[in-house]
Amino acid sequence: MAQHNETGKQGEVEAARYLREKGYEILAWNYRYQHAEIDLIAQKGKLLVFVEVKTRTNVSFGNPEEFVSYTKARLVMKAAEHYIFNTNWPFDVRFDIIAVTLSGSQLQIKHIEDAFS
C-alpha cells in the first residue's frame with residue numbers, strides 16, 4: 001500500500017478514536033455510494049455526523065482541512081443523502097471535517113463542526 005494511503009488510514013483511526021472519546025458512536029467507515037465516499041459516519045444522540053478526515057504529515061503546503069474541495073464536499077453530501085434515505089434517519093445531520101496532522105511522534109487533531117455550511 002502506498003505511503004499516503006497508510007497515512008490516510010492512520011488519520012481515520014485517530015479521528016474515530018477522538019470521536020469515541022467525545023461520546024460519538026461510529027456507525028460506518030468508508031461508506032461508498034457510486035463515486036463518493038464518506039470516511040466516517042458517527043452518531044451522538046439524535047445527531048448523525050458525516051465526517052471527512054484529512055491527514056497530512058507536513059503542513060508546508062497548507063493545513064489538512066484546506067484540501068477538502070468543493071467537489072469533494074458535494075460528493076460527501078450526495079453519499080450522505082443516500083445513507084439518510086436508506087436508513088430512514090429522521091433527525092438532524094451535520095457535516096464535519098477532522099484534520100489530522102501526524103508529524104513524527106506528534107499528533108494534532110482539529111475538529112471542524114458544520115464544515116460544509
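Rule-based calculations on the coordinates, nothing more; no lab input. As the structure is a prediction and not an experimental result, all values here were calculated from the model. FYI the Cβ positions are ideal-geometry reconstructions off the backbone, even for glycines, and counts take in every protein chain you see.
Data table
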item	result
Residue in the range 35-43 that is loosely packed, with under 12 Cβ neighbours inside 10 Å and without any contact (Cβ under 8 Å) to a residue 24 or more places away in the chain present	no
Subset tally (residues that are more than 22 Å from VAL93 (Cβ to Cβ) and free of Cβ contacts under 8 Å to residues at least 40 places away in the same chain) for the range 1-34	9
One residue from THR101, THR71, THR55, THR87 being touching a Gly at 6+ places or on another chain (Cβ under 6 Å) and either loosely packed, with under 14 Cβ neighbours inside 10 Å or among the β-branched types (Val, Ile, Thr) (or both)	THR55
Matching option when the condition is over 14 Å from GLU14 (Cβ atoms) and touching a helix residue (DSSP H, G or I) at 6+ places or on another chain (Cβ under 6 Å), among TYR83, TYR33, TYR70	TYR33
